[in-house]
Structures are given as structure tokens and as C-alpha cells.
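Written below as C-alpha cells is the structure these notes are about.
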Amino acid sequence: MLQTDSGEMDGGNQSGVSKFLLLGISESPEDQRVLFWMFLSMYLVTVVGNVLIILAIGSDSRLHTPMYFFLANLSFTDLIFVTNTIPKMLVNLQSQNKAISYTGCLTQLYFLVSLVALDNLILATMAYDRYVAICRPLHYTTAMSPGLCMLLLILCWVLSVIYGLIHTILMTRVTFCGSRKIYYIFCEMYVLLRLACSNTQINHMVLIITGCFIFFTPLGFMIMSYVRIVRAIFRIPSANGKYKAFSTCASHLAVVSLFYGTLGMVYLQPLHTYSMKDSVATVMYAVVTPMMNPFIYSLRNKDMHGALGRLLLGKAFQRLM
């Protein structure tokens with residue numbers, strides 16, 4: 001529940017419009033101009049990069065494998081994720097009206113929470129794919145059948161949707177009063193809880209319980225998968241074989257490290273210590289990570305290079321090859 005004012009957004013009688021003010025990282029006009037062009041460039045790079053990954057995988061039958069199936073879905077998730085937050089942030093940076101409605105804020109929160117969870121679950125599924133490919137190569141075709149891949153993806157979506165709904169519904173029970181100024185780039189859960197003037201103990205408890213399940217369980221699964229993968233790689237007799245096996249996991253490992261590293265900088269701390277300095281860490285996981293993923297997965301991937309070349313250059317690329 002949102003209690004609001006009849007005049008200013010701060011103090012006064014608690015009735016009137018239901019809005020928050022998204023003030024962003026800086027209120028300086030000079031800083032805002034720089035931030036606008038920086039975030040616009042990063043957004044365009046993210047959109048183009050992830051769209052190219054999706055189109056390259058969809059158009060090249062050689063990439064119709066479980067690993068690239070999940071990679072295309074990861075790119076799709078990142079595409080929705082940045083579109084949920086950055087366009088509104090760009091509008092705020094260019095306009096004097098920085099208000100976001102209560103409903104708009106909760107909608108942004110829902111997609112933010114559910115899509116971060118979905119990213120995490122897809123990364124865990126990709127770790128399982130790499131485990132089967134390296135540790136059980138003879139069973140890979142049957143263990144990662146198209147039906148199972150689709151089932152795993154549906155499970156990821158269902159769990160993330162439920163996770164997002166739980167926290168969004170709980171946020172509707174929170175009362176906000178006093179300042180509704182959000183010195184942040186979007187409606188983020190920790191920031192909203194800091195603005196609450198009602199008891200948020202249930203929110204904290206559910207956040208810890210569900211967070212452990214939706215984040216730490218997949219992380220533990222990924223760690224166990226990579227422990228077994230490393231053991232399997234060390235059993236490969238040739239150095240060339242070891243390199244080929246590890247190279248198939250390197251991109252995924254880099255993305256997982258970037259995802260959990262930036263996420264941990266923001267959320268692995270008590271709520272009362274959470275401050276606006278964490279905006280930089282939030283930008284890292286909300287903007288930089290989705291932008292970097294296409295580069296990480298295509299940097300040293302010959303199959304992806306070939307698919308992108310055929311997509312962009314067509315027959316001219318085939319003649320060059």
C-alpha cells in the first residue's frame with residue numbers, strides 16, 4: 001500500500017497521487033548528459049548484440065544444439081531485462097519529470113526480480129549441459145534431448161515467474177510515507193524496502209528463504225558440476241584434449257563469474273548497510289552484464305563467428321571462407 005501526499009512528494013498529508021521520483025545516480029545536469037549518452041550507447045550495443053546472437057542461432061542449423069538453445073534464451077532474457085529498465089531511465093535523464101507511478105514501479109520491480117532469477121536458472125541449466133557433454137559424452141544425445149531441454153526451460157520460466165510474483169505481491173503490502181525520492185536508476189527491491197515506514201520483516205524473511213532457493217541452490221549445483229567437469233578434464237590424457245574440453249566451458253564460466261560477482265556486490269550485505277554507493281554495482285549487473293554476454297560467448301567461438309558471418313554477409317562470407 002502506498003500512502004501519498006497532496007502537494008509535495010515529501011511530508012504533508014498522506015493523500016493524492018501515487019508516484020515515486022526516480023532521481024538516478026546524479027542530479028547534476030552535466031552528469032546527466034554524460035550518463036544519457038553512455039547508457040544509450042550501452043543499451044544499443046546490448047540490444048544489437050543479443051538480437052544478433054538470437055538470429056544467428058535461429059538461422060544456422062549447425063547451432064541447433066542444447067548449448068545454443070539455452071544461449072539464445074539467455075540472450076532473449078537479457079534483452080527483456082535491459083528494456084525493462086534502461087528506456088525509462090533514458091527518458092528520466094532527458095526530462096524534468098522523473099516520476100514513475102506506483103503501478104509502473106511495481107511492474108518494473110516484478111520484471112527485474114523475475115528476469116534476474118531466470119538468468120540465474122538458465123545459467124544453471126547450461127552448467128548441467130556442459131557437465132553432460134564432458135562427463136557423459138556417450139549419453140549426451142539422450143540426456144539432453146529436445147523434449148528435456150524444453151522441459152528445463154519451462155521449469156526455469158515457471159520458477160522465475162513465481163519468484164517475481166511472490167516479492168511483488170509482498171511489496172503491495174508495504175506502506176510508504178515521507179520521502180519517495182529514489183536515488184537509483186530503477187525501482188529496486190532493497191531501495192523500496194528502505195523507503196518503507198511499515199513492518200517489512202515478512203519481506204526480509206521471504207527474501208532470504210526464496211533467495212537461498214532460487215540463487216544459492218543453482219550456484220551450488222553449478223559448483224558441483226564444475227568440480228566434476230574439472231576432474232573429467234584432468235583425466236583426459238592429451239593437452240590438446242584438455243584445452244578443447246575446457247574451451248567449451250570457458251565462456252559459460254566467465255558469464256557465471258560476472259553475473260554472481262556483480263550480484264553479490266549488491267545483495268550480499270545487510271539491508272541497513274545498503275546505500276546509494278551500491279548504484280555502481282547495480283549498473284554492473286543490470287547494464288554491463290547483459291551487454292558483455294554476447295561478446296563473451298562469441299569472442300573465441302568459431303561456430304558463432306561462422307553463424308554471425310553467414311547471417312550478416314551471406315554468400316559473400318561463404319566465398320571468403
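The values are calculated or read from the model by the stated rules, or taken from the named source; none is laboratory data. Source: prediction; values computed, not measured. Glycine gets a Cβ as well: all are built from the backbone with ideal geometry, and neighbour counts include every protein chain shown. What goes into the accessible areas is simple: the full protein's heavy atoms, side chains included, and nothing from ligands, DNA or RNA. Shrake-Rupley method; radii C 1.70, N 1.55, O 1.52, S 1.80 Å.
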Assess whether LEU258 counts as being modelled with pLDDT of 80 or more, closer than 30 Å to THR175 by Cβ and open to solvent by 20 Å² or more (accessible area, probe 1.4 Å). no
Counted residues, the range 211-249 - those being open to solvent by 40 Å² or more (accessible area, probe 1.4 Å), part of a helix (DSSP H, G or I) and among the hydrophobic types (A, V, I, L, M, F, W, C): 12
Please specify each residue of the range 162-177 satisfying the condition of being surrounded by fewer than 15 Cβ atoms within 10 Å (Cβ to Cβ) and either among the β-branched types (Val, Ile, Thr) or over 27 Å from PHE70 (Cα atoms) (or both). ILE162, ILE169, THR172, ARG173, THR175
Please list, ordered by residue number, the helices (runs of 4 or more DSSP H) wholly in the range 41-159 having 2 or more residues that are in contact (Cβ under 8 Å) with a residue 24 or more places away in the chain, open to solvent by less than 60 Å² (accessible area, probe 1.4 Å) and closer than 18 Å to ASN301 by Cα. 66-94, 102-135
Considering only residues of the range 190-205 that are among the β-branched types (Val, Ile, Thr) and open to solvent by less than 30 Å² (accessible area, probe 1.4 Å), which is farthest from GLN108 (Cα to Cα)? THR200
